[in-house]
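The values are calculated or read from the model by the stated rules, or taken from the named source; none is laboratory data. Note that this is a predicted model, so its numbers are computed, not measured. Neighbour counts are summed over all protein chains in view; Cβ atoms, including those assigned to glycine, are modelled from backbone coordinates with ideal geometry. Calculation scope for accessible area: heavy atoms of the full protein, side chains included, ligands and nucleic acids excluded. Shrake-Rupley method; radii C 1.70, N 1.55, O 1.52, S 1.80 Å.
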Amino acid sequence: MTVTTTGDLPDEVYDVAIVGAGVVGSAIARELAGHRLRIALLEASDDVGNGTSKANTAILHTGFDATPDTLEARLVRDGHRRLNAYATEAGIPVERLGALLAAWDTEQLAALPALAEKAVRNGCHETRILGADAVYAREPRLGPGALGALHVPGESVICPWTTTLAYATQAVRAGVHLHLHCAVRAVTTGEPHEVATTRGVLRTRHLVNAAGLYADEIDRLLGHTEFRVTPRRGQLIVFDKFARGLVNHILLPVPTALGKGVLVAPTVYGNVLLGPTAEDLDDKQATGSTAEGLALLREKGARIMPELLDEEVTAVYAGLRAATGHGDYRIRAHPEQRYVTVGGIRSTGLTASLAIAAHVAELLTGCGLDPGPARKLEPVRMPNIGEAFPRPYQRADLIAADPAYGTVVCHCERVTRGEIRDALTSTVPPGSLGGLQRRTRALGGRCQGFSCGAAVRAQFEAHGGPGAPPRTPGTAPKEVRR
Amino acid sequence: MTTPTEPATAAPGRRPRTVDVLVVGAGPAGLAVAARLAAAGLDRVEVLDRERHAGGIPRHCHHTGFGLRDLRRMMNGPDYARHHIATALRAGARLRTGVTATGWAGPRTLDTTGPGGLERITARAVVLATGARERPRDARLVPGDRPAGVLTTGGLQQAVHVHHQTVGRRAVVVGAEHISYSAVLTLRHAGAEVAAMVTALPHHQTVSAFDIGARLRRPFPLLTDTTVTGLTGRGRLDGVRVRHRDGRTATIACDTVVFTGDWIPDHELARSAGIALDHGTRGPAADTEFRTGEPGVFAVGNLLHPVETADVAALDGRFAAGPVLRHLTDGRWPADPLPVRVRAPLRWIAPNRIDPDGPRPPLDRFTLRTAAFLTRPVLTVRQDGRTLHRRWVPRTVAPARPLHLGADWIASADPRGGPVLIAVD
């Protein structure tokens with residue numbers, strides 16, 4: 001199993017190199033790992049799923065509202081089916097809550113039948129229009145004034161972190177080389193291509209660009225200027241677990257000309273999300289929140305569910321979607337360059353990831369890749385960090401076998417010493433405390449480290465976490481007596 | 001005097017146990033109530049703490065000032081914690097650390113997780129002493145980037161004093177109350193410089209001697225009437241943006257920021273039991289005998305008043321032992337006590353339920369907090385428009401500092417009347 005973080009890249013020629021270890025790049029690596037290929041997965045940051053894949057609304061879409069007959073519509077529908085099955089196999093938390101698109105005025109109410117028809121065209125036949133009474137029977141805490149809603153039963157919430165990690169783990173266990181801290185700087189096409197990275201040159205016969213926000217820049221390195229990624233920022237507020245009881249469904253707005261709007265949705269971790277905003281920016285690193293953005297969310301939230309705003313806020317974050325100003329995914333094969341671009345994968349990318357991967361594998365074959373015979377991948381079983389399924393602190397059998405699973409370190413999220421240890425020694429270990437949080441939930445709770453921050457950091461650093469100064473006993477500053 | 005109670009229900013892999021009194025939280029309040037109960041002859045008084053070591057917050061407060069009110073002496077935090085642990089153990093209380101109460105299986109039955117396995121503990125009375133914590137940056141909706149180097153005082157103190165970890169070199173402290181000055185001391189202990197202290201209020205809220213003491217020898221600016229408008233830094237914090245009330249803005253260069261004060265009770269267990277909370281304190285609503293809305297469940301310490309000093313929390317524990325013992329004997333629980341509420345700028349009052357025919361609160365007083373500086377305020381107690389009591393406070397009361405109100409008026413409240421309202425006239 002190979003995950004590298006420093007030093008030169010292996011001196012070999014890969015069959016396929018994938019740029020970007022987000023949910024899409026990792027899914028492609030996993031898909032190709034089902035064949036006897038030499039595969040490299042390159043990631044500029046210190047972890048998989050560290051860009052758009054880690055900061056989104058975490059919804060497993062049915063694709064009911066996609067633009068019919070687009071590539072996106074097809075891949076989302078196919079991906080929804082594939083990821084549902086995969087989640088069951090790999091232990092990725094999914095909760096099939098269903099969505100309600102609440103209409104707050106007559107115009108929105110009038111738009112519901114067309115949405116239901118569109119859903120049918122997208123292969124989604126289960127939707128139903130509910131009257132106001134039926135809406136409030138399902139969502140008693142919904143703000144006053146809803147006139148009706150479209151009910152979409154298949155919409156689910158999912159853990160985006162476990163999903164990406166499961167793909168990457170399975171790929172690495174099947175022989176894929178994951179190279180972190182490895183940003184691509186230049187590409188010299190040839191037989192093989194020479195990819196100049198921050199960690200030296202990598203040679204590969206085929207190249208896949210799954211670089212998310214940076215897909216346009218990688219494309220330009222190969223001479224293509226077909227699209228430009230405009231980061232669209234989405235700020236989100238995460239409410240405390242005590243808010244979870246207020247919400248039963250994913251509460252989606254009725255789409256308007258201004259975009260999809262602000263939703264209220266439970267998370268699989270037992271919190272409630274409010275967001276996102278939609279701000280077109282130039283800066284691909286502008287993942288900060290703003291006072292205006294948070295005020296807007298609170299204003300929208302007050303309409304959708306007034307009681308939500310009285311609950312404590314656990315976290316605020318912002319993610320960037322890779323908008324291209326084009327209505328569909330930008331997935332293109334360039335057979336002459338043995339190169340596939342996977343661009344413009346917007347908020348539906350998590351849902352579509354497995355379908356995108358299968359599609360890209362086909363495109364690569366069209367580019368001359370001979371995948372050889374397929375082989376069955378060793379199944380993965382991921383640690384559960386969802387609230388709807390038993391966690392180690394609740395499991396007598398696990399604790400009896402290993403008391404570390406009974407030693408709660410992060411109290412808000414009830415993360416045990418055993419789970420943190422497992423994450424630190426896993427196939428794709430975290431490169432930072434943030435990465436540890438995404439694998440275990442440690443530090444992700446309401447106290448944000450007031451109680452456990454130092455203890456979690458100590459366990460992380462004891463494993464030689466990157467960026468950690470070597471610690472020797474007795475080097476602590478001497479007690480100063482005043 | 002113990003009557004073993006049948007465990008609520010059996011659960012696979014959970015060991016059912018019964019005790020007389022289960023105390024959740026081994027900080028000063030929990031330890032003090034356990035010590036008193038055990039000393040009074042109760043056989044099975046058990047104190048749980050989810051941390052590896054008992055003692056609560058004082059464990060990592062290495063400054064002095066602990067113990068004045070309850071022990072009549074001055075100690076540092078760790079010594080104070082050790083004193084209360086020893087007292088509880090000597091009295092015969094059982095102390096179990098590393099055990100987390102994760103939820104309720106019945107009215108007085110808690111499920112726990114520890115390295116020794118899962119348990120289901122049924123008690124004749126439960127005392128919640130789960131304390132309080134500071135609201136972190138996100139809960140205060142401070143916008144900006146999400147860099148490393150953002151702490152609360154609690155997180156800072158544990159990092160420095162318990163785990164001997166490094167912090168940054170230059171820090172901004174948000175808040176200017178007692179705890180904020182503790183953060184300054186801890187930062188200096190760790191070798192960090194204080195770039196500035198920032199408060200949205202017009203003045204610091206500690207005693208002037210603390211402020212002068214902290215700033216005289218190693219000065220740092222105290223920015224009053226100033227709010228934090230954002231954090232900047234990708235990877236590590238590199239600045240804190242601030243805005244003064246008059247509109248001036250600035251960015252203070254720093255690699256660490258400590259959000260201090262702004263306390264919220266750790267009320268997870270109370271709330272998950274469905275116990276009514278007080279809107280002001282956000283802790284369980286409780287009467288003058290520490291009784292919550294759930295029969296047999298008491299609450300003490302900073303869970304009820306976020307936040308008073310450790311010794312006040314310990315006094316709670318001491319005072320609560322009597323009511324707990326009485327309840328074990330007579331089983332009485334008031335059906336519907338009168339709520340006591342405050343009007344802004346007052347923020348909360350504790351206790352916040354009364355029985356006009358019942359006992360007065362410990363030390364014969366209520367504790368309040370204000371959100372704004374009050375100069376020589378007049379506190380008025382009213383019920384259904386009728387004035388029960390007026391009291392002039394001949395000083396300036398700072399936010400984050402206690403304001404006390406005597407309890408003489410309790411008996412004049414109408415037990416069948418509406419809520420009692422405390423206002424500043």
Quiz item: Going by the conditions given, is B:Asp384 touching an Asp or Glu at 6+ places or on another chain (Cβ under 9 Å) and open to solvent by 70 Å² or more (accessible area, probe 1.4 Å)?
Solution: yes
Exercise. Only residues that are in a strand (DSSP E or B) and modelled with pLDDT of 95 or more: list them for the stretch A:200-230, please.
Key: A:Gly200, A:Val201, A:Leu202, A:Arg203, A:Thr204, A:Arg205, A:His206, A:Leu207, A:Val208, A:Asn209
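So which residues in the stretch B:296-319 are among the small types (Gly, Ala, Ser) and surrounded by fewer than 24 Cβ atoms within 10 Å (Cβ to Cβ)? Walk me through it before giving the result.
Within the stretch B:296-319, the subset among the small types (Gly, Ala, Ser) is B:296, B:299, B:301, B:310, B:313-314, B:317.
The one that is among the small types (Gly, Ala, Ser) and surrounded by fewer than 24 Cβ atoms within 10 Å (Cβ to Cβ): B:Gly296.
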Practice problem: Report yes if some residue within the stretch A:181-202 is within 20 Å of A:His35 (Cα to Cα), of a type in the set (A, V, I, L, M, F, W, C) and out of contact with any helix residue (DSSP H, G or I) (no Cβ under 6 Å at 6 or more places or on another chain); otherwise report no. | Solution: no
Quiz item: Within the stretch A:366-410, restricting attention to residues that are of a type in the set (A, V, I, L, M, F, W, C), farther than 21 Å from A:Arg441 by Cβ and surrounded by fewer than 17 Cβ atoms within 10 Å (Cβ to Cβ), which residue is nearest to the other protein chains (Cβ to nearest Cβ)?
Solution: A:Ala400
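Which one of B:Arg140, B:Arg133, B:Arg69 is under 30 Å from B:Ala276 (Cβ atoms), open to solvent by less than 20 Å² (accessible area, probe 1.4 Å) and out of contact with any strand residue (DSSP E or B) (no Cβ under 6 Å at 6 or more places or on another chain)? I'd like the intermediate steps shown before the answer.
Details: B:Arg140 fails: open to solvent by less than 20 Å² (accessible area, probe 1.4 Å); B:Arg69 fails: open to solvent by less than 20 Å² (accessible area, probe 1.4 Å).
Exactly one of B:Arg140, B:Arg133, B:Arg69 is under 30 Å from B:Ala276 (Cβ atoms), open to solvent by less than 20 Å² (accessible area, probe 1.4 Å) and out of contact with any strand residue (DSSP E or B) (no Cβ under 6 Å at 6 or more places or on another chain), namely B:Arg133.
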Self-check item: Meets criteria (more than 13 Å from chain B (Cβ to nearest Cβ), touching a residue at least 24 places away in the same chain (Cβ under 8 Å) and buried (at least 18 other Cβ atoms within 10 Å of the Cβ)) for A:Val264
Solution: yes
Quiz prompt | Test: residue in the stretch B:260-270 that is surrounded by fewer than 24 Cβ atoms within 10 Å (Cβ to Cβ), away from every other protein chain (no Cβ under 14 Å) and touching a residue at least 24 places away in the same chain (Cβ under 8 Å) | solution = no
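Quick test for you: out of A:Ala388, A:Ala361, A:Ala352, pick the one residue that is of a type in the set (A, V, I, L, M) and at pLDDT below 95.
Details: A:Ala361 fails: at pLDDT below 95; A:Ala352 fails: at pLDDT below 95.
Exactly one of A:Ala388, A:Ala361, A:Ala352 is of a type in the set (A, V, I, L, M) and at pLDDT below 95, namely A:Ala388.
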Quiz item: B:Ile252 fails exactly one of the following numbered conditions: (1) open to solvent by 30 Å² or more (accessible area, probe 1.4 Å); (2) over 28 Å from the mean Cα position of the chain (by Cα). What is the number of that condition?
Solution: (1)
Exercise. Give, as residue ranges, the strands (runs of 3 or more DSSP E) completely inside the stretch A:88-199 that count at least 2 residues that are at pLDDT 95 or above and under 30 Å from A:Thr256 (Cβ atoms).
Key: A:99-103, A:128-131, A:148-152, A:156-158
Self-check item: Which numbered condition B:Thr186 misses (of (1) among the β-branched types (Val, Ile, Thr); (2) open to solvent by less than 30 Å² (accessible area, probe 1.4 Å); (3) away from every other protein chain (no Cβ under 14 Å); (4) not in a strand (DSSP E or B))
Solution: (3)
Quiz item: open to solvent by 30 Å² or more (accessible area, probe 1.4 Å), at pLDDT 95 or above and either touching a helix residue (DSSP H, G or I) at 6+ places or on another chain (Cβ under 6 Å) or closer than 30 Å to B:His161 by Cα (or both): does that describe A:Thr472?
Solution: no
Self-check item: Condition met for B:Arg52 (in contact with a Gly (Cβ under 8 Å, 6 or more places away or on another chain), part of a helix (DSSP H, G or I) and within 12 Å of chain A (Cβ to nearest Cβ))
Solution: no
Practice problem: Give the residues of the stretch B:152-163 that are more than 7 Å from every other protein chain (Cβ to nearest Cβ) and either surrounded by fewer than 20 Cβ atoms within 10 Å (Cβ to Cβ) or hydrophobic (A, V, I, L, M, F, W, C) (or both), sorted by residue number. | Solution: B:Leu156, B:Val160
Self-check item: strands (runs of 3 or more DSSP E) wholly inside the stretch A:1-74 that include at least 2 residues being open to solvent by 20 Å² or more (accessible area, probe 1.4 Å)
Solution: A:2-4, A:13-19
Exercise. Output the qualifying pairs, or none if there are none: Cβ atoms under 6 angstrom, residues six or more apart or on different chains, first residue in the stretch A:185-202 and more than 17 Å from A:Glu217 (Cα to Cα), second residue among the charged types (D, E, K, R).
Key: A:Pro192/A:Arg203; A:Pro192/A:Arg205; A:Gly200/A:Asp8; A:Val201/A:Glu194
Exercise. Identify, by number, the condition in (1) more than 30 Å from B:His327 (Cβ to Cβ); (2) surrounded by fewer than 24 Cβ atoms within 10 Å (Cβ to Cβ); (3) among the polar types (S, T, N, Q); (4) more than 9 Å from every other protein chain (Cβ to nearest Cβ) that B:Thr166 doesn't meet.
Key: (4)
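Out of curiosity, is B:Gly103 more than 29 Å from B:Gly41 (Cβ to Cβ), surrounded by fewer than 22 Cβ atoms within 10 Å (Cβ to Cβ) and in contact (Cβ under 8 Å) with a residue 60 or more places away in the chain?
Numbers: more than 29 Å from B:Gly41 (Cβ to Cβ): yes; surrounded by fewer than 22 Cβ atoms within 10 Å (Cβ to Cβ): yes; in contact (Cβ under 8 Å) with a residue 60 or more places away in the chain: yes.
Against the criterion (more than 29 Å from B:Gly41 (Cβ to Cβ), surrounded by fewer than 22 Cβ atoms within 10 Å (Cβ to Cβ) and in contact (Cβ under 8 Å) with a residue 60 or more places away in the chain), B:Gly103 qualifies.
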Exercise. Those residues that are on the phi < 0 side of the Ramachandran plot and open to solvent by 10 Å² or more (accessible area, probe 1.4 Å), I need them from the stretch B:12-23; list them, please.
Key: B:Pro12, B:Arg14, B:Arg15, B:Pro16, B:Arg17, B:Thr18
Quiz item: Within the stretch B:100-118, which residues are more than 9 Å from every other protein chain (Cβ to nearest Cβ) and either of a type in the set (Ser, Thr, Tyr) or assigned to a strand (DSSP E or B) (or both)?
Solution: B:Ala101, B:Gly103, B:Trp104, B:Ala105, B:Gly106, B:Thr109, B:Leu110, B:Thr112
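Within the stretch B:321-339, work out how many residues are in a loop (DSSP other than H, G, I, E, B), surrounded by fewer than 20 Cβ atoms within 10 Å (Cβ to Cβ) and either in contact (Cβ under 8 Å) with a residue 12 or more places away in the chain or not aliphatic (A, V, I, L, M) (or both).
Looking only at the stretch B:321-339, we keep the residues that are in a loop (DSSP other than H, G, I, E, B), and these are B:331-337.
Checking the rest, the ones that are also surrounded by fewer than 20 Cβ atoms within 10 Å (Cβ to Cβ) come to B:331-336.
Still in the list and also either in contact (Cβ under 8 Å) with a residue 12 or more places away in the chain or not aliphatic (A, V, I, L, M) (or both): B:331-334, B:336.
Looking only at that region, the number is 5.
Which of the residues belonging to the stretch B:340-366 are open to solvent by 20 Å² or more (accessible area, probe 1.4 Å) and either touching a Lys or Arg at 6+ places or on another chain (Cβ under 8 Å) or assigned to a strand (DSSP E or B) (or both)? So that I can check it myself, show each step before the final result.
Restricting attention to the stretch B:340-366, the residues satisfying the condition of being open to solvent by 20 Å² or more (accessible area, probe 1.4 Å) are B:341-345, B:347, B:351, B:353, B:355, B:357-360, B:362-365.
Of everything in the stretch B:340-366, those that are open to solvent by 20 Å² or more (accessible area, probe 1.4 Å) and either touching a Lys or Arg at 6+ places or on another chain (Cβ under 8 Å) or assigned to a strand (DSSP E or B) (or both) turn out to be B:Arg341, B:Val342, B:Arg347, B:Arg353, B:Arg365.
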Quiz item: open to solvent by less than 10 Å² (accessible area, probe 1.4 Å), more than 30 Å from B:Ala314 (Cβ to Cβ), away from chain A (no Cβ under 14 Å) and not basic (Lys, Arg): does that describe B:Ala196?
Solution: yes
Practice problem: Identify all residues within the stretch A:419-435 that are within 13 Å of chain B (Cβ to nearest Cβ), of a type outside the set (D, E, K, R) and either closer than 21 Å to B:Pro136 by Cβ or buried (at least 23 other Cβ atoms within 10 Å of the Cβ) (or both); write none if there are none. | Solution: A:Ser432, A:Leu433, A:Gly434, A:Gly435
Practice problem: Kindly indicate which of B:Thr226, B:Thr199, B:Thr249 is touching a His at 6+ places or on another chain (Cβ under 7 Å) and free of Cβ contacts under 8 Å to residues at least 40 places away in the same chain. | Solution: B:Thr226
